[in-house]
Amino acid sequence: MSSSAFPARAGRAIGLLVLIVAAIAALAPLVWTLTTSLRTPAEAFTNPPAWIPLNPDWANYSAVFEQIPLFSFFVNSVIVTGLIVIGQTITCMMSGYAFAMIRFPGRGKIFMLFLATMMVPLQATMIPVFVLIKWMGLANSLGALIVPALGGAFGTFLMRQYFLQMPRELGEAARIDGASPLQVFWKVYAPLALPPAAALATLNFSGFWSEFYRPLIFLSDQSTYTLPLGLVGLQGNLGTGSISVVLAGVVVALIPSVLLFAFAQRYFIEGITTGSFR
Amino acid sequence: MRGEALFGYLMILPALVIVMLFTAGPIVASIGLSFYQWDVISPPSFAGLSNYEQLLSDQTVLHSFWVTLGLAVSIVVLEILVGLGLALLVQQRRSNVARGTFRTIFYLPLLASASSVAIVMGYMFDQKFGVINYYLGLLGIPNIPWLTSDFGATATIVIIAVWQQVGFAFVLFIAALSSVPKDVLEAAQIDGAGPLRTFFAVKLPMISPTVLFISVVGMIGAMQLFDQPYVMTKGGPGYTTTTTVLLIYQTAFQNLQFGYGSAISVMLLVVLIGLTALQFLGARKLVFYQ
């Protein structure tokens with residue numbers, strides 16, 4: 001044992017060193033963004049960067065709200081992401097429950113259809129969806145982003161897997177006590193399915209809060225822009241002169257994600273891992 | 001019993017309508033549209049296979065597939081190697097606080113949007129003023145034209161995609177490694193297997209389904225790479241970073257060639273199905289299911 005103790009200890013020390021270097025690499029761009037957003041625009045491009053902001057210049061944050069309608073981008077992003085998260089959680093709980101617990105003709109076939117669409121990449125459908133959105137009169141409105149995302153095959157699958165593990169006796173007992181099928185779902189089973197619902201909600205929040213491609217295609221009027229689209233526009237308009245202002249916008253967009261992650265880290269991680277055991 | 005069936009249909013109705021209208025229907029429509037020429041303004045005209053004939057001799061399209069494949073394979077392979085390496089190292093840590101801290105740190109880049117990361121990294125990788133070249137300069141490495149040379153632009157896109165997404169692979173590997181049964185590891189130790197032998201003979205086979213999953217999901221995502229080249233390089237220099245989805249965007253939504261754009265989309269779908277099938281076929285021999 002003692003002969004192998006030294007190399008083992010040295011190995012662990014080197015491992016820690018590698019981890020620290022990797023952690024610095026992971027954090028450095030985030031820290032650089034934050035500290036540079038607090039420098040005056042004139043200083044922003046001077047190297048070495050100020051890793052610790054000794055004289056923070058908060059003016060960039062007011063500038064970014066004045067120069068572009070950042071507040072309106074923010075509100076649009078909250079509306080889009082919020083409605084999708086709420087809507088999809090509810091519709092997927094309903095469909096997942098039905099596929100797991102209720103018998104109806106064609107159930108297996110319809111579920112196979114859901115599974116098949118789960119594999120379809122968004123890109124392969126964008127052109128017809130764009131045409132459809134135009135026909136529906138949703139183009140250039142937040143509805144163009146919200147409506148197509150109010151249901152989902154993956155969410156249905158995730159919820160179904162969870163409902164399948166639940167005992168049927170709970171519902172049968174409630175039915176004998178006179179509960180309607182809807183009450184059995186809503187009062188008995190839905191409250192038990194909150195963990196996967198939370199995981200689905202955080203997954204959807206991450207995905208739709210960051211979404212760039214669909215807003216780029218569907219939205220042409222600046223008053224409808226969401227944060228990612230607005231920030232890329234800001235970067236294009238201002239050029240390299242005021243990068244600290246652009247970075248202030250990036251930080252503002254990042255705050256809700258970080259806050260949510262701080263409070264619900266468990267569900268973020270669960271969202272990723274439960275998705276993988278399919 | 002009939003009431004129960006009706007209730008079932010009503011419960012799946014909202015999700016079913018969305019899936020039919022915005023995924024299942026459009027995939028059929030995409031295939032249909034690929035046989036037409038359509039500029040959205042005048043009515044579509046049937047074009048038979050001409051879009052596909054054009055596509056197979058269109059160097060820009062074929063080049064975009066090679067560009068995308070090269071980027072995607074580099075990104076996914078690096079994501080798996082770095083993610084697994086970090087997961088193994090974090091697992092060695094004995095204190096829960098250290099493990100939790102590293103897990104949080106490696107997850108953080110996933111919280112930013114890909115387009116925000118592209119904006120930030122565009123500044124950091126700037127040839128003249130960027131902080132990356134500044135520090136490389138201190139090490140004696142001359143200015144690298146990150147975004148304006150063929151190799152530089154490709155490397156930058158790979159680096160920032162891996163930087164942002166490695167936390168995804170890392171989290172999955174942590175979960176997979178911690179589900180390897182303790183008694184199996186102890187048995188390997190008693191049989192005299194060193195750390196390297198234990199990894200290749202025990203841990204790697206046990207976590208191989210996770211490797212397959214990350215590889216499949218990662219390829220499907222990376223083959224649709226768009227945000228980073230759109231924001232940082234606009235596909236340049238030349239066509240070096242013009243990914244297939246960037247080309248579809250330009251073809252359909254900027255040049256209004258909806259039929260031709262659909263044909264490229266259908267080809268992307270076929271390539272994706274082929275790549276996924278290939279990975280599952282390879283996995284038959286390599287992946288170990290308990």
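What follows is calculated from the coordinates using simple rules that are stated; it is not laboratory data. Small disclaimer: the values here were computed from a predicted structure and weren't measured. With ideal geometry, Cβ positions are generated from the backbone for all residues, glycine too; neighbour counts draw on all protein chains shown.
Observations on the model:
- Gaussian network model of chain B, Cα within-10 Å springs - most flexible of B:A114, B:A263, B:A188: B:A188
- Spin-label model distance (nm) - A:L54 vs B:L62, 7 Å beyond Cα toward Cβ: 6.0 nm
- MRE, 222 nm, helices only [DSSP H, n ≥ 4, -39500 (n - 2.57), over chain A, to nearest 500]: -22500 deg cm²/dmol
- Cα shape, the stretch B:98-192, gyration tensor, a/c 1.5 rule: prolate
- Take the Cβ atoms of A:A116 and B:R284, set R0 to 25 Å, and the FRET efficiency comes out at 0.70.
- The stretch A:2-61 shape via C-alpha gyration tensor axes, a/c threshold 1.5: prolate
- Computed E for A:Q67/A:T46 - FRET, C-beta separation, R0 30 angstrom, nearest 0.05: 0.85
- Tail beyond 22 Å, pair distance distribution of the stretch B:1-126 (Cα, percent): 71 percent
- Ratio of Rg to Rh for the protein assembly as shown: 0.98 [Cα atoms; Kirkwood radius as inverse mean 1/r over pairs].
- Computed FRET value (nearest 0.05) for B:Q54 with A:L192, which takes r as the C-beta separation and R₀ as 45 Å: 0.25
- Mean separation of Cα contacts under 8 Å, 6 or more apart, over the residue count of chain A: relative contact order %: 31 percent
- Near B:Y36, the amide H atoms lying under 5 Å from its own belong to B:A47; only residues 5 or more places off or on other chains count, and H is placed 1.01 Å from N.
- Cα shape, chain A, gyration tensor, a/c 1.5 rule: oblate
- Calculated mean residue ellipticity, 222 nm, chain B: -22500 deg cm²/dmol, from DSSP H runs (n ≥ 4) at -39500 (n - 2.57) each, averaged per residue and rounded to 500.
- Highest mobility in the GNM of chain B, judged by mean-square fluctuation with C-alpha springs under 10 Å and restricted to B:L69, B:L16, B:L272, is found for B:L16.
- Across the options B:P14, B:P229, B:I190, the greatest Cα extent toward the positive end of the charge dipole of chain B (unit charges at beta carbon of Lys, Arg, Asp, Glu) belongs to B:I190.
- Working from label points 7 Å from Cα in the Cα-to-Cβ sense, the B:Q254 to B:L6 distance is 5.5 nm.
- Among the trypsin sites (Lys or Arg not before Pro) found in the stretch B:100-197, those both in a DSSP coil and sparsely packed, with 13 or fewer other Cβ atoms within 10 Å of their Cβ, are B:K128.
- Most fluctuating residue given options B:M20, B:M11, B:M232, as computed from a GNM of chain B linking Cα atoms under 10 Å: B:M11
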